[in-house]
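Asker: Would you mind keeping the following structure in view while I ask a few things?
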Amino acid sequence: MRLPLLALLALAPLAACSTVVEAVKGPELAPVGYPASLVAREQPTFVSAREPMPQAASANSLWRTGARAFFIDQRANRVGDILTVQIDINDSAQTSNASNSTRTSGMSAGVDNLLGLESSLGRFLPGGFDPANAINTNSATNNAGSGAVTRSEKISLTIAAVVTNVLPNGNMVIQGVQEVRTNAELRQLTVAGIVRPEDITSSNTIRHTQIAEARISYGGRGDISRVQKTPAGQSLVERFTPF
């Protein structure tokens, strides 16, 4: 257990240094690579048996070995192919609720007879004790609550995604990441999910509503995002405070 702890302690200054560098120079773009390394998702890799490997043509053929066009379908269908994802989200929701509860209760009790000791109880209790009114309680509670939620989201973006896996039934797993840096602010768009080859249009595009298990993330980091974010200490206090 000591070795992992020592490793974390050794890496802590590096993380702090990275944060300081980012605060001074701004966020850095992630290296360009295969989407599977950019989006941390572990998926089994299947090779589609429906797509034969290209065969070499004879010397008298107009077809060139390895060509991707000549009256063939240009839609993505193999691992490594690229398709365009059109994200057009325009959702809105509004909910409201109210509750009101009131309760009133009262109780009174007396001791008329208690083995003939009802008249002797005054010796042990404060003056003015009346056995006929030994107990008299009343309570009243009132609770009212109301809440309302109004949400509106509108996103219109286009991103190119890469086919990372082909499932046995022919469906494809896609992943794509897009980063745009403006001054010291970095915006990142991430999309991942499963698509059907039949839903891909002839122009090699697909809508986000046709992606199963869709994971769409649009955010960023930088000076503006850091100012808008709640400080870590305040966030911890608000999350764990019992009051």
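The values are calculated or read from the model by the stated rules, or taken from the named source; none is laboratory data. Nothing here was measured: the structure is a model prediction, and the numbers come from that model. Virtual Cβ from ideal backbone geometry, glycine too; neighbours counted across all protein chains shown.
Asker: Take Ile159 and tell me if it is in contact with a helix residue (DSSP H, G or I) (Cβ under 8 Å, 6 or more places away or on another chain), in a strand (DSSP E or B) and buried (at least 16 other Cβ atoms within 10 Å of the Cβ).
Answerer: Numbers: in contact with a helix residue (DSSP H, G or I) (Cβ under 8 Å, 6 or more places away or on another chain): no; in a strand (DSSP E or B): yes; buried (at least 16 other Cβ atoms within 10 Å of the Cβ): yes.
Against the criterion (in contact with a helix residue (DSSP H, G or I) (Cβ under 8 Å, 6 or more places away or on another chain), in a strand (DSSP E or B) and buried (at least 16 other Cβ atoms within 10 Å of the Cβ)), Ile159 does not qualify.
Asker: Among the residues of region 73-91, write down those that are surrounded by 12 or more Cβ atoms within 10 Å (Cβ to Cβ), out of contact with any helix residue (DSSP H, G or I) (no Cβ under 9 Å at 6 or more places or on another chain) and either in a strand (DSSP E or B) or basic (Lys, Arg) (or both).
Answerer: Arg78, Ile82, Leu83, Thr84
Asker: Next question, about the same structure. Counting only residues that are under 24 Å from Thr209 (Cβ atoms) and without any contact (Cβ under 8 Å) to a residue 40 or more places away in the chain, how many does region 138-170 have?
Answerer: Going residue by residue through region 138-170, those that are under 24 Å from Thr209 (Cβ atoms) are 149-167, 169-170.
This time we only want the ones that are without any contact (Cβ under 8 Å) to a residue 40 or more places away in the chain, so: 169.
Qualifying residue count for the region: 1.
Asker: Looking at Thr209, Thr190, Thr150, Thr241, which is the one that is more than 25 Å from Ser92 (Cβ to Cβ) and hydroxyl-bearing (Ser, Thr, Tyr)?
Answerer: Thr241
Asker: Here's something else I'd like to know. Cβ-Cβ distance below 6 Å, separation of 6 or more or different chains: which pairs start in region 221-243 with a residue that is in contact (Cβ under 8 Å) with a residue 24 or more places away in the chain and closer than 19 Å to Leu186 by Cα and end on one that is of a type outside the set (Gly, Ala, Ser) and part of a loop (DSSP other than H, G, I, E, B)?
Answerer: These pairs meet every condition: Arg221/Pro27; Gly222/Pro27.
Asker: Ok, one more. For region 146-156, indicate whether the set of residues that are at pLDDT 90 or above and within 30 Å of Asn77 (Cβ to Cβ) is non-empty.
Answerer: Yes, that holds for at least one residue.
Asker: Across region 170-186, what is the total count of residues that are assigned to a loop (DSSP other than H, G, I, E, B), at pLDDT below 90 and not small (Gly, Ala, Ser)?
Answerer: The qualifying residues number 1.
Asker: Then there's this: Within region 205-243, track down each residue that is more than 28 Å from Gln74 (Cβ to Cβ), within 21 Å of the chain's Cα centre (by Cα) and charged (D, E, K, R).
Answerer: The answer is Arg221, Arg226, Lys229, Glu238, Arg239.
Asker: Next question. Run Asn183 past the list (1) surrounded by fewer than 19 Cβ atoms within 10 Å (Cβ to Cβ); (2) within 20 Å of Asn90 (Cβ to Cβ); (3) over 21 Å from the mean Cα position of the chain (by Cα) and report the number of the one that doesn't hold.
Answerer: Only one criterion in (1) surrounded by fewer than 19 Cβ atoms within 10 Å (Cβ to Cβ); (2) within 20 Å of Asn90 (Cβ to Cβ); (3) over 21 Å from the mean Cα position of the chain (by Cα) is unmet by Asn183, namely (2).
Asker: Something else: Mind listing just one residue for me: the one in region 64-88 that is polar (S, T, N, Q) and at pLDDT below 85 and, of those, farthest from Thr190 (Cα to Cα)?
Answerer: Thr65
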